[in-house]
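*Asks:* So that we are looking at the same thing, I have put the structure below in structure tokens.
Only the coordinates and a few stated rules stand behind these numbers; no lab work does. As the structure is a computational prediction, the values presented were derived from the model and not from experiment. Neighbour counts run over all protein chains shown; Cβ positions are idealised from the backbone, glycine included.
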Amino acid sequence: MTGHLLSAITPDRIWLVLGFAGQALFASRFLVQWFRSEMEGRSVVPLAFWYFSIVGGLVSLVYAIHIGSAPFAVGQGSGLLVYARNLYLIFRERAALRRAEAGTS
């Protein structure tokens, strides 16, 4: 029984699961954004949105490279730059706010 189950696990199936996992992570960012916006009663892009974007984008990029899809890889790779830049801007702003608060205390 165990041998039969293990024989069903092939490299192609593992890659397929990885591809679907990347897409699921990437799509989850919209659920996170939607739930947070509903909680606050206004449109909000939470920090978790960008983390889901990066992780889902990275997993999808690895899959795109594996299957040899240049358009898919370029799309995911360029998106990663935007997501990373947004995280940088968020953390830079938070650090500036902390410095300003420390200076006024």
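*Asks:* Among the helices (runs of 4 or more DSSP H) contained in the chain, which hold 2 or more residues that are aromatic (F, W, Y) and exposed (fewer than 14 other Cβ atoms within 10 Å of the Cβ)? Walk me through how you get there before you give the answer.
*Replies:* Numbers: elements: 2-7, 11-40, 47-67, 70-104.
Passing ranges, in order: 11-40, 70-104.
*Asks:* Looking only at the range 68-103, count every residue that is free of Cβ contacts under 8 Å to residues at least 12 places away in the same chain, over 21 Å from W15 (Cα atoms) and not aromatic (F, W, Y) and tell me the total.
*Replies:* So the count comes out to 17.
*Asks:* Residues of the range 46-75 being over 13 Å from L25 (Cα atoms) and polar (S, T, N, Q), which ones?
*Replies:* Passing the criteria: only S69.
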